[in-house]
Amino acid sequence: MLIAELPELATAAEIARVLRCTAKFVSQEMAAGRLRASKIAGRYLASQAAVRDYIQGNQVCPDQMPARGSNGETTETNGKLSGTNEVSNAVKQQAREMVERLKNSSPRSSKRVPKPHGPPAPVTLIR
């Protein structure tokens, strides 16, 4: 299915067929605001232009060449994969620091919960 075949306001299921993914994923993208949509009568609906913008904004080209849209035209920004290791390491470090802060500040942290003393109580089977 092509973007041009979508109705003026498309549902997550219709957009999912264009993007070749699940309707649940599309709904999550809409709810997160990454795919512009309006919630009408409890359903997210997005325009063709919003779907085009979403696709253009999520293109990545590993060879640093300009990304190409479905019509063959190049986009304004080049795709970039360089630096992902540095970003990943920085994110991992931030996560480690956050875990340590949470461990130290949580009253129910495993460090502060006293461990039971002695053997466990015997269990009596009742027949």
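Readers should treat all values here as calculations from the given coordinates under stated rules, not as data from a laboratory. For clarity, every value in this text was computed on a predicted model and none was experimentally measured. Counting neighbours? That spans all protein chains shown, and the Cβs are built from the backbone with ideal geometry, glycine included.
Placing pseudo-labels 7 Å out from each Cα toward the beta carbon at LYS92 and THR22 gives an inter-label distance of 2.8 nm.
For the pair ARG43 and THR124, label points projected 7 Å from Cα toward Cβ lie 6.3 nm apart.
Taking Cβ atoms as reference points and 13 Å as the exclusive limit, the residues near SER27 contribute a net charge of +2, counting Lys and Arg as +1 and Asp and Glu as -1. With both labels modelled 7 Å from their Cα along Cα-to-Cβ, the LEU9 to ARG52 distance reads 2.0 nm. Each eigenvalue of the Cα gyration tensor of the stretch 3-58, multiplied by 5 and square-rooted, gives one semi-axis; in descending order these are 14, 12, 11 Å.
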